[in-house]
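Taking it in order: structure first as structure tokens, then the write-up.
Readers should treat all values here as calculations from the given coordinates under stated rules, not as data from a laboratory. Bear in mind that the values here come from a model prediction, so they are computed numbers and not experimental data. Don't worry about glycine lacking a Cβ; one is built from the backbone with ideal geometry, like all the others, and counts go over all protein chains shown.
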Amino acid sequence: RILHPVHDAIGLWLTSIVCEIWFAISWILDQFPKWLPIDRETYLDRLSLRYEQEGEPNMLAPVDVFVSTVDPMKEPPLVTGNTLLSILAMDYPVEKISCYLSDDGASMCTFEAMS
């Protein structure tokens with residue numbers, strides 16, 4: 001396409017060349033993280049030393065988690081319940097984590113399953 005320009009529509013030809021070059025550059029930049037992924041390791045002892053010092057209150061930030069659901073046929077109450085239990089089972093101070101369920105569909109099935 002670059003070697004055979006269309007002389008009758010040079011503006012259209014130039015626009016298509018610029019778009020193809022832009023697409024190629026953005027595709028290559030999108031592939032870089034996939035070629036060399038970063039693998040990070042979490043050191044729990046270092047986190048504990050930083051945020052949980054003896055004699056002082058816990059310095060971890062409070063976390064609010066919002067789970068929303070609408071249709072119990074598409075999102076079964078069992079899956080929603082397992083999601084809530086997984087959030088509440090996190091290794092995080094109990095007084096610093098809050099979990100909220102928003103049932104936008106006002107489903108009685110979800111209400112009964114969660115109560």
Of the residues VAL67, VAL18, VAL94, which exhibits the maximal mean-square fluctuation in a Gaussian network model of the chain defined by a 10 Å Cα contact cut-off? VAL18
Just to confirm my numbers, what's the Cα centroid distance between the stretch 1-62 and the stretch 71-108 in Å? 31
In the list (1) 1.96; (2) 1.10; (3) 0.99, the entry giving Cα Rg over 2.2 N^0.38 Å computed from the coordinates is (1)
CD proxy at 222 nm, helix term only [per DSSP H run n ≥ 4: -39500 (n - 2.57); per residue of the chain; nearest 500]: -14500 deg cm²/dmol
Size of charge dipole - the chain - debye, nearest 20, with Cβ of Lys, Arg +1 and Asp, Glu -1, no other charges: 500
Within-14-Å neighbourhood charge of SER68 [Cβ basis; K, R +1; D, E -1]: -4
Between SER48 and LEU78, how many nm apart are label points set 7 Å from Cα along the C-beta direction? 3.7
When only DSSP loop residues count, what chymotrypsin sites (Phe, Trp or Tyr not before Pro) in the stretch 1-54 have their Cβ near at most 14 other Cβ atoms within 10 Å? TYR43
Report the trypsin sites (Lys or Arg not before Pro) located in the stretch 1-106 that are in a DSSP loop and have at most 15 other Cβ atoms inside 10 Å of their Cβ, or state none. ARG1, ARG40, LYS74
In the stretch 16-99, which GluC sites (Glu not before Pro) fall in coil by DSSP and have 12 or fewer other Cβ atoms within 10 Å? GLU41, GLU54
